[in-house]
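These notes concern the structure reproduced below.
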Amino acid sequence: MKKWSKLFMVTILIAALVLPLAACGKDDTMAGDSGLAGTYTATVDGYSGDLVVSVELDDEGKILSVNIDKHTETDGIGTIATDKIPGEIVKSQSLDVDNISGATVTVDAILLAVAKALESAEVDLANYDYSIADLDSESNSLNYEIDPSTMPVKKEKTGSVTITDARDREVTIDLPISSYAISTMDVIDYIIPLKGEEAFEMLVGSGQDGGHGFDKYAELYVPVVGNYLSHTGQISHHNAPFDLETILAMEPDVLIVNSAMGAHNYALDVEDQLKQAGIEIVLINVPGKNIDSSVQKTMGLLGKIFQEEEKADEVSKFIDDQFDLLASKNLKTREDKPTVYYEKSGYSQVFGSTSTSQGGWGLVVDVAGGENIADELLLETAGSKGASNTLDPEYVIDKDPEFIVTSGINDGWLAILNEKSAPTYDIINRNGWKDLQAVKNDNLYEFAHSTSRSIYAFYPSLKMAKTFYPEEFKDVNPEAILDEFFDKFMILDSDISIWFNELSDAE
């Protein structure tokens, strides 16, 4: 609490690169006396300079051609996009075209330029499946001014280490590493205990996640560690291919990817090109198949990569102690387990996904000693291991669970950045759900969604177990344990997030 309170009133300004319109208009020599027929041009910032596009329309607004009149995109990477995307736009008469692995920035620039050109023709962009505000907003928040003079200084290599990563791949990394990139910003939480503020000094690239973590982490940490964004490129959009151009430009020694997020599929698409540039990929897997050991395995890998094995062991021991405490209660073998239903991002008219005990938040329910009602129906299905599954609401009513656990509904992860408001649970307004015993007894709870795959996963595990078995855990204070972890290993304090809400707190 103490560190954040000192920083709470600090206002930061993160300068974003806007994809600006340098020129936009109609070539009158190509146009008729009236109507849309003509060629419209626009200029935006591409990956490495101006990108000029011309769009030819007929009187009905049909796109006859799209031409890239000028660009300086990377040969063999960005030029794949400049060669392919214009034809795809003409063919589909739409800007909703498939991205190209490794060239996300170039593709976005082309789409924005075409949209700007169409906008100058005063046509409705919705007719082309596009909202210019969406991409403008996303680009403005994700692309930051890079100052080459602030890049980490490359250290002389004096050795190497060979590790077996979470996907059983043998990876050899030359040491010491000078810089690294990560698939999403929450991965840095595993590196902060090892390197402290230096974790941000060494960071040169990160992808975006669905909660805009790239931006949220900047708001939290720039006041503390300085403007690390000046040397940190945004290397992917949420759930999208990695941008090879940006990764190569930032030159990390290693790209660390959480394969639990599915990002490994995109990373391996560009592995050959990265290897040729001397950039290795290391896959971690959190929460993996075992929430009580995946963080410790990750810390072991990172301890070797960052040459901080002693610190990694200290973190792992702390986490081992918490899961040993849970194991000492023999929760998994109890015959009086409470029945539990888990749901992500659910509302009265929107039925969110659930998880079995083999994946996601179902792993937390399992280690905390809950009887997951999804298991009976879904455990043997192909998608049981963490994939999204939706239960019929009538099935939930029939099972009448004693507890309902949710995530992703209210503000949670890094919610200190938002104005605090009372949680709402629209989920209870479904037909018949107010009669569920979990609702009647106020046993409906929410955890910050990202924590099940975070270094802090011990907290929801302890908190859920204490919620299910208050007498057995009467002497355990999960919040105090969380605070202790932050005090020992992190830069900020635990009040960065709203970790837990309950129905009794609702509006």
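A compact table of results
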{"quantity": "Condition met for Asp189 (charged (D, E, K, R) and either under 18 Å from the mean Cα position of the chain (by Cα) or at pLDDT below 90 (or both))", "calculated": "yes"}
{"quantity": "The stretch 277-329: number of residues that are crowded, with 19+ Cβ neighbours inside 10 Å and at positive phi", "calculated": "1"}
{"quantity": "Residue in the stretch 485-507 that is most open to solvent (accessible area, probe 1.4 Å), counting only those that are under 18 Å from Gly408 (Cβ atoms) and among the β-branched types (Val, Ile, Thr)", "calculated": "Ile498"}
{"quantity": "Complete set of residues in the stretch 425-460 that are assigned to a loop (DSSP other than H, G, I, E, B) and acidic (Asp, Glu)", "calculated": "Asp442"}
{"quantity": "Qualifying residue in the stretch 258-273 (condition: among the hydrophobic types (A, V, I, L, M, F, W, C), modelled with pLDDT of 95 or more and on the phi < 0 side of the Ramachandran plot)", "calculated": "no"}
{"quantity": "Enumeration of residues in the stretch 339-363 that are touching a residue at least 60 places away in the same chain (Cβ under 8 Å), within 25 Å of Asn258 (Cα to Cα) and of a type in the set (S, T, N, Q)", "calculated": "Ser345, Gln358"}
{"quantity": "Residue match in the stretch 387-399 (condition: closer than 28 Å to Glu471 by Cα and in contact with an Asp or Glu (Cβ under 6 Å, 6 or more places away or on another chain))", "calculated": "no"}
{"quantity": "Where a residue in the stretch 421-434 is among the aliphatic types (A, V, I, L, M) and its partner, wherever it lies, is part of a loop (DSSP other than H, G, I, E, B), with Cβ under 6 Å and at least six apart", "calculated": "Ala422/Glu507; Ile427/Gly346"}
{"quantity": "Sole exception among (1) on the phi < 0 side of the Ramachandran plot; (2) out of contact with any Pro (no Cβ under 9 Å at 6 or more places or on another chain) for Trp433, by number", "calculated": "(2)"}
{"quantity": "The one condition in (1) among the small types (Gly, Ala, Ser); (2) out of contact with any Gly (no Cβ under 8 Å at 6 or more places or on another chain); (3) farther than 18 Å from Val286 by Cβ that Ala199 fails to fulfil", "calculated": "(3)"}
{"quantity": "Pair list, Cβ under 6 Å, 6 or more apart: the stretch 57-76 residue modelled with pLDDT of 75 or more, other residue aliphatic (A, V, I, L, M) and open to solvent by 50 Å² or more (accessible area, probe 1.4 Å)", "calculated": "Asp58/Leu64"}
{"quantity": "Residues of the stretch 461-476 classified as without any contact (Cβ under 8 Å) to a residue 24 or more places away in the chain and either open to solvent by less than 20 Å² (accessible area, probe 1.4 Å) or part of a loop (DSSP other than H, G, I, E, B) (or both), total", "calculated": "4"}
{"quantity": "Residue match in the stretch 128-148 (condition: over 21 Å from the mean Cα position of the chain (by Cα) and at pLDDT 90 or above)", "calculated": "yes"}
{"quantity": "Residue check, Asp209 out of contact with any Gly (no Cβ under 9 Å at 6 or more places or on another chain) and at positive phi", "calculated": "no"}
{"quantity": "Selection count where residues are modelled with pLDDT under 90 and of a type outside the set (Gly, Ala, Ser), scope the stretch 202-213", "calculated": "3"}
{"quantity": "Residue within the stretch 479-490 that is more than 23 Å from Ala218 (Cα to Cα), touching a strand residue (DSSP E or B) at 6+ places or on another chain (Cβ under 7 Å), of a type in the set (A, V, I, L, M, F, W, C) and outside any loop (DSSP other than H, G, I, E, B) present", "calculated": "no"}
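The values are calculated or read from the model by the stated rules, or taken from the named source; none is laboratory data. If you're wondering where the values come from, they're calculated on a predicted model, not measured in any experiment. A quick note on method: Cβ atoms are made from the backbone with ideal geometry, for glycine too, and the neighbour counts reach across all protein chains shown. These area figures cover heavy atoms from the full protein model, side chains too; ligands, DNA and RNA do not enter into them. Shrake-Rupley method; radii C 1.70, N 1.55, O 1.52, S 1.80 Å.
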